[in-house]
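Notes follow the structure.
Taken together, the values in this text are just the output of simple stated rules run on the coordinates, not laboratory data. Computed from a predicted model, the values in this text were never measured in an experiment. Here Cβ is always computed from backbone atoms with ideal geometry, including for glycine, and neighbour counts include all displayed protein chains.
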Amino acid sequence: MKYQNLLLGIKDHIATVTVNRPDKLNALNIQTVNELDELFSEIEGNEDIYVVIITGSGEKAFIAGADISELNNLEVLSAKEFSERGNHVYSRIEGLDKPVIAAVNGFALGGGCELALACHIRLASENAKFGQPEVNLGIIPGYGGTQRLSRLINTGRAAEYILTGDMIDAGEALRIGLVSKVYPQKELINKSIELAGKISSKGQHAIRYSLKAVRAVNELSLKEGLKFEASLFALCCGTEDFKEGTGAFLEKRKPVFKNR
């Protein structure tokens with residue numbers, strides 16, 4: 001399927017999704033949100049894709065927020081539908097059983113920051129800036145920012161950034177755990193592909209079950225989480241990947257996972 005505002009490349013089991021509205025600093029409009037939904041539905045069903053990278057076109061922005069010209073037309077009922085639609089799409093991304101890496105190459109504001117938060121891993125370029133500046137528009141984050149940011153960096157810090165609308169530069173994002181690594185702009189995509197390649201070389205049953213276990217942290221008590229982890233561990237032990245991985249270790253060779 002061809003998309004108007006997204007680019008898709010697939011190589012070596014890695015899908016690279018690029019939000020491509022450079023003249024608008026890749027700002028999210030409804031069409032782009034809908035295209036993300038369709039594209040991730042396609043990715044979900046593609047067994048040849050093991051890892052996904054999301055980035056923005058150009059060197060200025062990952063996604064610089066919502067398209068204000070559309071936002072300005074919202075009223076109470078349409079705003080609720082707008083928020084619920086975005087949350088549906090971002091939850092689809094967050095719930096994908098394949099790791100999703102956000103390669104944040106510039107401004108990640110509003111809906112752009114929220115998209116990065118919905119990804120499983122976040123890498124940033126040195127010029128990246130994160131933020132939830134919605135209060136400056138008289139609204140609050142509507143695509144999960146209040147919930148995911150609070151869970152990721154703690155409620156006190158999240159409240160300060162959301163209530164002030166202040167931006168978070170790459171260095172601060174690394175310090176507070178918003179991103180895992182910061183790279184020079186020219187190295188970001190290659191480093192993201194390198195990380196994706198490392199993940200895709202593992203047994204994919206273990207990768208999928210690991211994601212399920214990690215996502216459960218915010219939904220289950222420790223006791224429930226440990227029980228869930230044990231059940232997933234047991235499922236792993238019934239796979240060919242487990243036999244290959246342990247066999248390769250004992251034979252002092254590199255494992256070759258079939259990943260099917």
- Note on the structure: Any aspartates and glutamates whose Cα falls less than 14 Å from that of K181, other than same-chain ones fewer than 8 residues away, would be E126, D169, E172, E194
- Over all directions, average the projected area of the Cα convex hull of the stretch 76-123 and note it in nm². 3.5 nm²
- Query: Considering only DSSP beta bridges whose two residues both sit in the chain, what percent are antiparallel, to the nearest 5?
  - Reply: 25 percent
- Sort the stretch 110-224 into rounded, prolate or oblate with this rule: let a ≥ b ≥ c be the square roots of the eigenvalues of the Cα gyration tensor; rounded if a/c is under 1.5, and if a/c is not under 1.5, prolate when a/b is larger than b/c, oblate otherwise. oblate
- Query: With axes computed from alpha carbons, what is the tilt in degrees of helix 155-164 against the longest principal axis of the chain, rounded to the nearest 10 within 0 to 90?
  - Reply: 30 degrees
- Order the peptides 9-18, 210-219, 109-118 from the highest to the lowest mean number of other Cβ atoms within 10 Å of their residues. 109-118, 9-18, 210-219
- Query: If you wrap the chain's Cα atoms in a convex hull and average its projection over all directions, what's the area in nm²?
  - Reply: 15.0 nm²
- Task: Could you tell me which of rounded, prolate or oblate describes the stretch 203-260, using a ≥ b ≥ c as the square roots of the eigenvalues of the alpha-carbon gyration tensor, with rounded for a/c under 1.5 and, failing that, prolate when a/b is larger than b/c and oblate otherwise?
- Result: prolate
- Relative to the longest principal Cα axis of the chain, at what angle does helix 188-200 sit, 0 to 90 degrees, rounded to 10? 40 degrees
- Item | the stretch 1-123 - share of DSSP beta bridges that are antiparallel (%, nearest 5) | 30 percent
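Using DSSP, restrict attention to beta bridges with both residues in the stretch 1-69 and report what percent are antiparallel, rounded to the nearest 5. List each step's numbers first, then the result.
Details: 6 of 13 bridges.
In the stretch 1-69, approximately 45 percent of DSSP beta bridges are antiparallel ones.
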- Message: Cross-link candidates for K252: which lysines have Cα within less than 23 Å, leaving aside residues fewer than 8 places away along the same chain?
- Response: K198, K202, K243
- Task: Taking each pair of different alpha-carbon atoms in the stretch 1-79 once, compute 1/r for the pair, average those values, and report the inverse of that mean as the Kirkwood hydrodynamic radius in Å to one decimal.
- Result: 13.5 Å
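Averaging the inverse of every distinct alpha carbon separation and then flipping it gives the Kirkwood radius. What is it for the stretch 38-174, in angstrom units?
15.3 Å
Under 8 Å for C-alpha pairs, at least 6 residues apart: give me the relative contact order for the stretch 1-57, rounded to a whole percent.
46 percent
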